[in-house]
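A.B. asks: Before we start, here is the structure in question, set down as structure tokens.
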Amino acid sequence: MRIKVLVNAGGGSVRGRDLRAEIAAVFAAHGVAADVEQLGGDALAAAARAALAEGYEAVVAGGGDGTVSAVAGVLAGGEVPLGVLPLGTLNHFARDLGLPADWRQAAAQLARGQVRRIDVAEVNGRVFINNSSVGLYADMVSERDRERRRRGWRKGPAMLLACLRILRRFGLRRLTVRAAGRRERVKTPLVFIGNNDYETSLPRPGRRVALDRGHLCLCVTRHGSRLSLLRLALRAAFGRLREERDFEMRAVETAEIHARAPLLRVSLDGEVAMLRTPLRYRIRPGALRVLAADPPPA
């Protein structure tokens, strides 16, 4: 198999290191010819398009969820499969695919060439692999990125400071949500849209059991104060979110979010964009071919 590996030079496990030779050697040891390129995050999509034009049998994204999302946006709807090397900070998508946290072990599994189809989601034509949100979290990510540019911090400390600042100026959004035949006006700090269902109870809160069930996970919270939002966070941490009265989760195939503002700040797989309203979400069942992890033991 001849593959292209695109490594985000700014990935959480990459920064300051040149991994090209090591990655190529690991794949070669498993009989795969890997052409490895290490580049900035802004160049990933263009590099993925070039890899398609050059006829590689697979394109592997080395980095975190933002890296994977950028490459998946190019590959979705086509026949060339996506591989993932978990070289980011949190690597949620790689985890939900069932890949090992160690990138060398993940490469060994990718080299076996097993392929399966999974869903992707999109908003206003932009693909995301994990989730998107409007409100509190998008504001926190925007503030985090501002602090990283300003101070040169890593994501963790910058996000902690961002959380404190955004909660201090806590605000609500007035939105209209349309989904599954319902139209609802809400006053909310957060609307969350996931690619397939997210677990809300122990032992796997925040994880996805499947990536191929063909629906979005639409979550709306109606908390009106910092205290009630803290209660929500605590229930989520202890896997008891389903007991929360002011939190609703639904499986839908499409959703629209309307606002008075012409633009809304939206998070997409840990990155932030300003998108024109209304926000139109949809699921694309089976749109992405991926190099799969080994199945769990019976």
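A.B. asks: I'd like the distance separating the alpha-carbon centroids of segment 244-281 and segment 1-66, in whole Å.
C.D. replies: If you average the Cα positions of each part, the centres end up 31 Å apart.
A.B. asks: Take the Cα pairs of the chain, get the Kirkwood Rh, then feed it into Stokes-Einstein at 4 °C and 1.567 mPa s and tell me D in µm²/s.
C.D. replies: Using the Kirkwood radius from Cα pairs, D works out to 65 µm²/s.
A.B. asks: Moving to a separate point now. Compute the accessible area per residue over the chain, keeping the other protein chains in place, probe 1.4 Å, unit Å².
C.D. replies: Working: 14010 Å² over 298 residues.
Accessible area per residue, the chain: 47 Å².
A.B. asks: Right, next: Kindly work out what percent of the DSSP beta bridges joining two residues of the chain are antiparallel, to the nearest 5.
C.D. replies: Working: 52 of 70 bridges.
Taking every DSSP beta bridge with both residues in the chain, the antiparallel ones total about 75 percent.
A.B. asks: Rank-order 47-59, 67-79, 179-191, 84-96 by packing density, defined as the average count of other C-beta atoms within 10 Å over each peptide's residues, highest first.
C.D. replies: The peptides rank, most packed first, as 84-96, 67-79, 47-59, 179-191.
A.B. asks: Let me ask something else. As a test of the definition: which semi-axes, in Å, follow for segment 110-174 when you take the square root of five times each eigenvalue of its alpha carbon gyration tensor? Largest first, please.
C.D. replies: Working through the eigenvalues yields semi-axes of 31, 19, 9 Å.
A.B. asks: Suppose every Lys and Arg Cβ carries +1 and every Asp and Glu Cβ carries -1, with no other charges. What dipole size does segment 139-198 come out with about its Cα centre, to the nearest 20 debye?
C.D. replies: It comes to approximately 300 debye.
A.B. asks: Another question, if that's okay. Given R₀ = 25 Å, what would the calculated FRET efficiency be for Glu248 paired with Glu199, taking r from the Cβ atoms and rounding to 0.05?
C.D. replies: Taking R0 as 25 Å, the efficiency between Glu248 and Glu199 is 0.95.
A.B. asks: Further, regarding this structure: Scattering from the C-alpha atoms of segment 56-145 alone, worked out with Debye: what is log10 I(q)/I(0) at q = 0.26 1/Å?
C.D. replies: Values returned for q = 0.26 Å⁻¹ are -1.47.
A.B. asks: OK, next. Assuming R0 = 22 Å, can you tell me the calculated FRET efficiency for the pair Asp102 and Glu57, based on Cβ-Cβ distance, to the nearest 0.05?
C.D. replies: Approximately 0.40, to the nearest 0.05.
A.B. asks: Charges on Cβ only, +1 for Lys and Arg, -1 for Asp and Glu, centred on the Cα centroid of the chain; of Leu164, Ala106, Ala50, which one is farthest towards the dipole's positive end?
C.D. replies: Of the candidates, Leu164 comes out farthest on the positive side.
A.B. asks: Taking only complete DSSP H runs, can you tell me which helices of the chain stretch 18 Å or more along their own long axis by Cα positions and average at least -1.0 on the Kyte-Doolittle scale?
C.D. replies: Span-like helices here: 155-168.
A.B. asks: Hey, got the dipole for the chain? About the Cα centre, +1 on K and R Cβ, -1 on D and E Cβ, debye to the nearest 20?
C.D. replies: Values: 49 positive and 30 negative charges, 313 e Å.
Here the chain has a charge dipole of around 1500 debye.
A.B. asks: Further, regarding this structure: Given the options Ala76, Val115, Met1, identify the residue whose Cα lies farthest towards the positive end of the charge dipole of the chain (+1 on Cβ of Lys, Arg; -1 on Cβ of Asp, Glu).
C.D. replies: It is Ala76.
A.B. asks: Express the carbon and sulfur contribution to the solvent-accessible surface of the chain as a percent, rounded to the nearest whole number, probe 1.4 angstrom.
C.D. replies: Working: 7080 of 14010 Å².
Carbon and sulfur: 51 percent of the exposed surface of the chain.
A.B. asks: How large is the helix-only mean residue ellipticity at 222 nm for the chain, computed as the sum of -39500 (n - 2.57) over DSSP H runs with n ≥ 4, divided by its residue count, in deg cm²/dmol to the nearest 500?
C.D. replies: So the helix-based figure for the chain works out to -9000 deg cm²/dmol.
A.B. asks: While we're here: Kirkwood Rh over Cα pairs of segment 82-223 into Stokes-Einstein at 20 °C, 1.002 mPa s: D in µm²/s? Please report the intermediate quantities before stating the final value.
C.D. replies: Working: Rh = 17.4 Å.
The calculation lands on 123 µm²/s.
A.B. asks: Quote to one decimal, in nm, the extra length available between Val115 and Arg169 on full extension: 0.36 nm per residue of separation minus the C-alpha distance between them.
C.D. replies: 14.8 nm
The values are calculated or read from the model by the stated rules, or taken from the named source; none is laboratory data. Every value quoted in this text rests on a predicted model; they were computed, and no experiment measured them. Ideal geometry is used to build each Cβ from the backbone, glycine not excepted, and the neighbour counts take in all protein chains shown. Protein only, heavy atoms only, side chains kept; ligands, DNA and RNA dropped before computing areas. Shrake-Rupley method; radii C 1.70, N 1.55, O 1.52, S 1.80 Å.
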